Each structure stands twice: as structure tokens, then as C-alpha cells.
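Here's a structure for you.
No value in this document is a laboratory result; all are computed from the given coordinates. In this text, all values refer to a predicted model and were calculated from it rather than measured experimentally. Cβ atoms come from the backbone with ideal geometry, glycine included; neighbour counts cover every protein chain shown.
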Amino acid sequence: MEEYLIKNTTREQREQIVKDSLGYSELGCDDAMDGYDMYLPYIEGIKELREITMEYQAQYVRDMEREERGRCNLY
């Protein structure tokens, strides 16, 4: 994972890492944007991939907890 750290990559490399991980290269969709915006802080050198993943997971857990609290507990 060290090889993907901001300090070890250029902006261009980070952009390619994101595109490859989202499958854009395989699909020939260089202009596709699904999921791309989420990784802009990594591409720009602001946040590491780990930070973005942790924030996404935390938001997902909060949303799930909120959804469960709103349910009726009859079952």
C-alpha cells in the first residue's frame, strides 16, 4: 500500500490509480465520472485513500443506524 501514498506518487499517477481501480481503463471510459469525484481529494494530494475509505464507511454506518432507528421493532 506504500506505493499508493501521496508522498510516493505524482498527481498523474494518482489519477491513473483511481481510474484503474474504478475500472475505467478496462471499459474504455476515460470520460466516465461515477465514483471519480469521491477520490478527487486523493488525486489532488489532500487526503490519502485510507482516509477517504474510512470517511465513506463511517457515513455508511451512520446512514444504516439512522435507517434502523426509523423502523418499527415489531418483528
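Give the long-range amide H neighbours of K47: residues separated by 5 or more places, or on another chain, with amide H under 5 Å away, using H modelled in the peptide plane at 1.01 Å from N.
Those lying under 5 Å, H to H, from K47 are Y42.
Can you tell me the order of 53-60, 35-42 when each peptide is scored by its average per-residue count of other Cβ atoms within 10 angstrom, highest first?
35-42, 53-60
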